[in-house]
1. Can you report the number of residues in region 478-500 which are loosely packed, with under 15 Cβ neighbours inside 10 Å and either in a strand (DSSP E or B) or not assigned by TED's automatic domain parsing to the domain that holds Thr560 (or both)?
2. Quick one: in region 31-51, of everything that is modelled with pLDDT of 70 or more and in a loop (DSSP other than H, G, I, E, B), which residue is nearest to Ala70 (Cα to Cα)?
3. Hey, can you tell me all the residues within region 626-670 that are surrounded by fewer than 19 Cβ atoms within 10 Å (Cβ to Cβ), within 27 Å of Arg742 (Cα to Cα) and not hydrophobic (A, V, I, L, M, F, W, C)?
4. Is region 154-164 home to any residue that is modelled with pLDDT of 95 or more, on the phi > 0 side of the Ramachandran plot, in the same structural domain as Leu329 (by TED's automatic domain parsing) and not basic (Lys, Arg)?
5. Name the residue, out of Ile102, Ile181, Ile176, Ile94, that is surrounded by 17 or more Cβ atoms within 10 Å (Cβ to Cβ), at pLDDT below 90 and either closer than 29 Å to Lys455 by Cβ or not assigned by TED's automatic domain parsing to the domain that holds Gly700 (or both).
6. Could you run through region 316-342 and say how many residues are more than 30 Å from Lys367 (Cβ to Cβ), of a type in the set (S, T, N, Q) and either outside the structural domain of Ala256 (by TED's automatic domain parsing) or in a strand (DSSP E or B) (or both)?
7. Just need a number here: residues in region 353-388 that are crowded, with 21+ Cβ neighbours inside 10 Å and either at positive phi or in a strand (DSSP E or B) (or both).
8. Considering only residues that are closer than 21 Å to Phe413 by Cβ and polar (S, T, N, Q), look in region 339-381 and name the one that is modelled with the highest pLDDT.
Amino acid sequence: MKRIILISMLLVATIDTKAQQIKGRVVEILPTGEESPLPGANVVWDGTTIGSTSNGQGFFLINEPESYPATIVVTFIGYQSYKKEIKEWGNYDIVLESSVKISQVEVKGKVNTTQVSTLDPINVQTILTGELEKAACCNLSESFSTNATVDVTFTDAVSGSKQIQMLGLDGVYTQITQENIPLIRGMSSSYGLSYVPGTWIESIQIIKGSGSVVNGFESLTGQINLEYYKPNSAPKLFWNAYINQEGKLENNLLFAKQNGDWQSNLFTHISYFDKEIDKRGELGGERIGDKFLDVPKIKQVNILNRWQYKGNPNYGMQLLAKALIEERLGGQISSVPKEDRYIVNINNSLYEIFSKFGAIQPNTPGKSAGLQTSFRLHNQTAIFGKNNYESLQESAYLNFIRQTYINNTDNIFKYGFSQYADRYTESFSGNINTPFNNQIRLDLMSGFFSEYTFKSGDVFNITTGIRADYYNNTKKFNYVPRLNMKYNPNEKTAIRLSAGRAFRIANVFAENASFLASGRTIDVVEELNPEIAWNYGANLTYCFYLNEREGTINLDAYRTDFENQVVVDIETPSELSFYNLDGTSYANSIQADIMYELFDRFDVKAAYKINDVHTTYNGAEKIAPLTPKNRALVNMSYATNFDKWMFDLTWNYIGESRVPSYKIDDLFGDYRSEHMSDPFYLINAQVTKKFKDFSIYVGGENLLSYTQENPIIDAGNPTSSAFDASLIYAPVMGRMIYTGIRYKIK
């Protein structure tokens with residue numbers, strides 16, 4: 001029956017019920033040669049009252065004239081009127097020219113670097129380049145330091161990696177994509193955020209809660225989609241160099257080829273750090289070092305090349321290739337005898353090719369088809385003392401999308417199919433009950449989806465969709481319904497409701513690599529089921545004017561309910577267990593934030609968030625460990641005229657977290673009982689001086705130099721069961737001063 005309904009919907013969607021209408025599009029030609037739609041243009045038959053207006057994409061539909069030939073008249077304020085004799089039914093592209101010619105004039109306006117829409121039915125927040133440049137933003141994991149929606153967390157005290165959280169849950173529950181193609185999946189879960197340099201990113205879209213079924217089935221808490229610089233919008237040359245007080249070097253060099261039918265970007269990145277720093281560990285209030293490297297030695301080379309075809313307006317094609325090699329070397333310092341030394345050695349090599357192909361139907365505006373593909377090879381070796389994890393991921397991805405409309409472009413219908421194929425080859429030896437060698441798991445996910453969007457002007461929007469994905473290992477379909485609604489009671493207010501289901505396949509070792517930096521004994525049940533959850537949310541966005549200055553207030557409330565979850569259990573000292581949920585697991589997240597220009601060129605953002613996350617561990621429901629219940633953020637930005645000087649300050653409050661009980665030492669069997677960590681503050685700041693083609697920036701992170709006291713438990717005996725470098729809830733590094741240069745040729 002479901003198949004019959006789906007087929008019926010597809011047939012209905014492809015029927016053009018307005019065969020007696022003239023179709024067309026009204027556009028202008030930009031200086032770059034690209035077409036830009038003109039919404040709201042008036043289209044009428046000359047000498048009659050029969051008319052129409054163009055929609056947000058410039059498309060219009062107008063009833064046929066009583067007889068041919070007839071003259072169509074198109075007018076738009078600020079543009080020359082257009083007249084054309086129409087002799088037959090068809091589709092017509094109309095190009096308007098400006099009625100005023102302006103030259104040698106530069107208009108400079110203020111653009112918010114964080115944007116929130118009151119029109120989109122999905123709760124999406126867009127971070128632009130200007131926001132990313134408020135901090136060092138060396139990679140994607142550091143791109144949210146001025147954003148309250150996504151939290152950056154600390155994973156362990158030896159690998160130097162960072163993770164994110166969204167709606168109170170770990171980042172693996174957020175679908176992270178690059179131009180709507182999967183980015184962080186499988187083996188890249190622990191370190192993949194550091195594989196995307198911040199200077200490559202043009203914008204980031206953060207979708208809270210239930211998103212579109214078109215983009216996949218994995219977004220349990222939302223989606224983070226990043227857009228790289230495009231050839232036509234990127235600087236012809238962009239060079240960024242960074243160095244911090246400890247001597248870490250980063251170099252980014254970007255090129256753009258902007259002429260010809262084939263346009264291209266080349267992105268390059270190098271990171272290098274090769275010093276031994278050991279300042280952690282306290283004795284009697286004095287820092288004496290714990291004989292572990294505070295920061296691992298890092299070598300990373302990262303290259304991405306995009307080719308984009310612009311030779312035909314009816315279709316487009318992009319091909320991107322990426323290669324990365326990285327080595328992280330940490331653990332104990334070289335003064336410890338080699339035979340006794342605890343070594344952390346993490347190596348990653350990743351190669352990926354992904355493409356996008358799209359075609360429009362020139363005679364039927366608003367209808368198109370697209371194909372996205374991705375092929376990935378990722379090899380990872382992670383050594384944490386006795387724990388040795390080796391893995392190989394071979395992945396292929398395909399997503400076909402067809403878009404059409406029913407009756408008019410206020411009724412958009414999308415459908416298509418997708419295919420995920422992942423083969424994992426894994427080996428693990430060390431502190432595990434059952435070691436394994438070259439264990440292979442093949443995940444095949446074949447899915448079909450459809451999505452309908454109804455738009456009633458700018459007042460009401462609804463997007464509803466469903467997808468069905470067949471998983472080979474469970475031999476059954478997983479159904480993912482999604483619903484997003486938006487209502488504008490007035491032009492300043494948007495109210496949104498969302499609900500949806502999602503599921504994902506866990507990769508417990510790759511996603512929880514930080515817990516391998518311990519003496520815990522690892523136990524994994526034989527069969528881990530897919531993780532399934534429902535997400536419900538509500539959002540209120542209100543735009544206001546106070547003292548002739550614009551501001552925005554956002555209120556969010558979301559809940560995630562798990563049907564099944566792979567529980568990561570660290571509740572028993574010196575043990576790490578993975579098993580299927582038996583009980584309840586949920587996350588409630590409430591956030592309020594405000595953005596306002598206090599006075600000329602002085603912007604303030606403030607936010608407060610409450611996370612209430614609970615999971616059942618062996619029959620007992622508890623607050624999720626190492627997850628702050630309360631967070632607050634205040635960001636202040638000031639720029640002088642023409643942005644010659646820019647000043648940014650970010651203050652963070654991180655509330656208390658539950659720390660499970662753990663062994664203090666192995667010899668005497670002493671324990672530290674479960675407790676709550678102390679709340680703390682983080683302050684980051686940056687000053688930027690801009691010149692004609694380049695800018696110099698100087699900044700500091702964790703200016704209060706707050707760190708977790710003795711973050712490595714039983715550091716003097718890393719072979720013991722009490723040793724643990726993974727119970728991290730606060731920074732493990734103190735104050736960090738950095739400087740850098742950005743050079744752009746536009």
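The values are calculated or read from the model by the stated rules, or taken from the named source; none is laboratory data. Worth saying up front: this structure is predicted, and the values here are computed from it rather than measured. Cβ coordinates were reconstructed from backbone atoms using ideal geometry, including for glycine residues, and neighbour counts include every protein chain displayed.
1. Total satisfying the criteria: 3.
2. Here the answer is Asp46.
3. Tyr638, Thr640, Asn641, Asp643, Lys644
4. no
5. Answer to the selection: Ile94.
6. Residues flagged as more than 30 Å from Lys367 (Cβ to Cβ), of a type in the set (S, T, N, Q) and either outside the structural domain of Ala256 (by TED's automatic domain parsing) or in a strand (DSSP E or B) (or both) within region 316-342 amount to 1.
7. Number satisfying all stated conditions: 10.
8. Ranking the candidates gives Gln372 first.
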